[in-house]
Amino acid sequence: MDRPTQNKRAARRIVEESAKYWQPDDGTETGASVDDEHGYYQVVNSGWLKGQFVHFCFMHLIVKPDEKIYLRKNDAEWEIADALRQTGAASEDIVLESLRPPATVEL
């Protein structure tokens, strides 16, 4: 299997499993949002909570044209990078994007 397909499959599996695991009992719903064509993968929670509508993305992964998996957000209780490696993604293909400073900032 080619690298982009492997990485998209790994990202899909992680968000789908996370959405199944993360099912609150507060009246809201959690689901996986998957776009294999464009490489976008999210776990989103939404619904009515205490009289207000909530919509929250707690996991966001993107497989970019460079074939790497970019972790944009992880509010899950477990380490996504480890799970991606266990599903076949190579360590060098996983980028913790939310931990990098913007390119314009000099360190």
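The values are calculated or read from the model by the stated rules, or taken from the named source; none is laboratory data. Source: prediction; values computed, not measured. Cβ placement follows ideal geometry from the backbone for every residue including glycine, while neighbour counts extend to all protein chains displayed.
Couple of notes before you dig in:
- Contact annotation: residue pairs with Cβ atoms under 7 Å, 6 or more positions apart or on different chains, pairing a residue in the stretch 59-78 that is on the phi < 0 side of the Ramachandran plot with a partner that is at pLDDT 90 or above and of a type in the set (S, T, N, Q), are 59/18; 59/42; 60/42; 63/7; 69/7; 76/18.
- Among the residues of this structure, residue 82 does not count as one that is over 17 Å from residue 96 (Cβ atoms) and of a type in the set (D, E, K, R).
- Strands (runs of 3 or more DSSP E) completely within the stretch 16-107 that count 3 or more residues being at pLDDT 90 or above, hydrophobic (A, V, I, L, M, F, W, C) and in contact with a Lys or Arg (Cβ under 7 Å, 6 or more places away or on another chain): 52-63
- Qualifying residue in the stretch 24-31 (condition: surrounded by 14 or more Cβ atoms within 10 Å (Cβ to Cβ) and either over 18 Å from residue 75 (Cα atoms) or of a type in the set (A, V, I, L, M) (or both)): no
- Residue selection: residue 8 fails the criterion of being in contact with a strand residue (DSSP E or B) (Cβ under 6 Å, 6 or more places away or on another chain), under 18 Å from residue 98 (Cβ atoms) and charged (D, E, K, R).
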